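A.B. asks: So that we are looking at the same thing, I have put the structure below in structure tokens.
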Amino acid sequence: MTITVNGIDELKKLAGSDLGTSEWIEVTQERINTFADATGDHQWIHVDEEKAKAGPFGAPIAHGYLTLSLFIPLFTELLDVQGVTTKVNYGLNKVRFPSPVKVGSRIRLVGRLADVEDVPGGVQIAVDGTIEIEGVAKPAAVLQSLSRFYV
């Protein structure tokens, strides 16, 4: 369920709050191949299905940066900030990929609004995110994402 806030003041009140959990999305071979085409990263562990089956993970795996890129569509399921003019990604703090995402796996985001701080013209938020893999103990990614919202 999406949390909707109207404006910076309402957003500030959420600092330190859990944002919930997104829906599951499947990481398909088509998604992996499209990402490989977009980035030029065609390493066999991602795109050669037969060779990857004999590899260390028993199946093709998603690029770590593909998993990371899915943070944004998953995050938009958790928080909607209205009453601002501009929303931008500002960067990332710590990012780790503890477990590979095998083709056909489903992932979701668990988010927490760690901090909201004033910046010129708006605020910067820090979101602690864990991208979970269905049925796997270790997460696919653990990160802190920074975004800015301008009024």
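A.B. asks: Condition (residue is open to solvent by 70 Å² or more (accessible area, probe 1.4 Å) and under 13 Å from the mean Cα position of the chain (by Cα)) applied to region 58-71: is it met by at least one residue?
C.D. replies: yes
A.B. asks: Of all residues in region 93-147, how many are outside any strand (DSSP E or B) and of a type outside the set (Gly, Ala, Ser)?
C.D. replies: The total comes to 10.
A.B. asks: Still on this structure: Cβ-Cβ below 8 Å, separation at least six or inter-chain, first residue in region 13-33 and within 18 Å of residue 71 (Cβ to Cβ), second hydroxyl-bearing (Ser, Thr, Tyr): which pairs?
C.D. replies: So the pair list comes out as 26/105; 27/67; 27/105.
A.B. asks: Search region 62-75 for residues that are farther than 14 Å from residue 26 by Cα and assigned to a helix (DSSP H, G or I) and pair each with any residue that is open to solvent by less than 20 Å² (accessible area, probe 1.4 Å) and hydroxyl-bearing (Ser, Thr, Tyr) when their beta-carbon atoms are under 8 Å apart and the residues are at least 6 apart or on different chains.
C.D. replies: Close Cβ pairs satisfying both conditions: 75/22; 75/145.
A.B. asks: Return yes or no: is residue 40 free of Cβ contacts under 8 Å to residues at least 12 places away in the same chain, over 16 Å from residue 128 (Cβ atoms) and open to solvent by less than 30 Å² (accessible area, probe 1.4 Å)?
C.D. replies: no
A.B. asks: Let me ask something else about it. Can you tell me which of 148, 96, 112 is exposed (fewer than 14 other Cβ atoms within 10 Å of the Cβ), at pLDDT 95 or above and of a type outside the set (S, T, N, Q)?
C.D. replies: The unique qualifying residue is 96.
A.B. asks: Sticking with this one: Would you please name the residue that is nearest to residue 1 (Cα to Cα), looking only at residues in region 23-61 that are β-branched (Val, Ile, Thr) and assigned to a helix (DSSP H, G or I)?
C.D. replies: The residue in question is 32.
The values are calculated or read from the model by the stated rules, or taken from the named source; none is laboratory data. Computed from a predicted model, the values in this text were never measured in an experiment. Because the Cβ atoms are built from the backbone with ideal geometry, glycine has one as well, and the counts that use them run over all protein chains shown. Please note that ligands, DNA and RNA were not included when accessible areas were found on the heavy atoms of the full protein model with its side chains. Shrake-Rupley method; radii C 1.70, N 1.55, O 1.52, S 1.80 Å.
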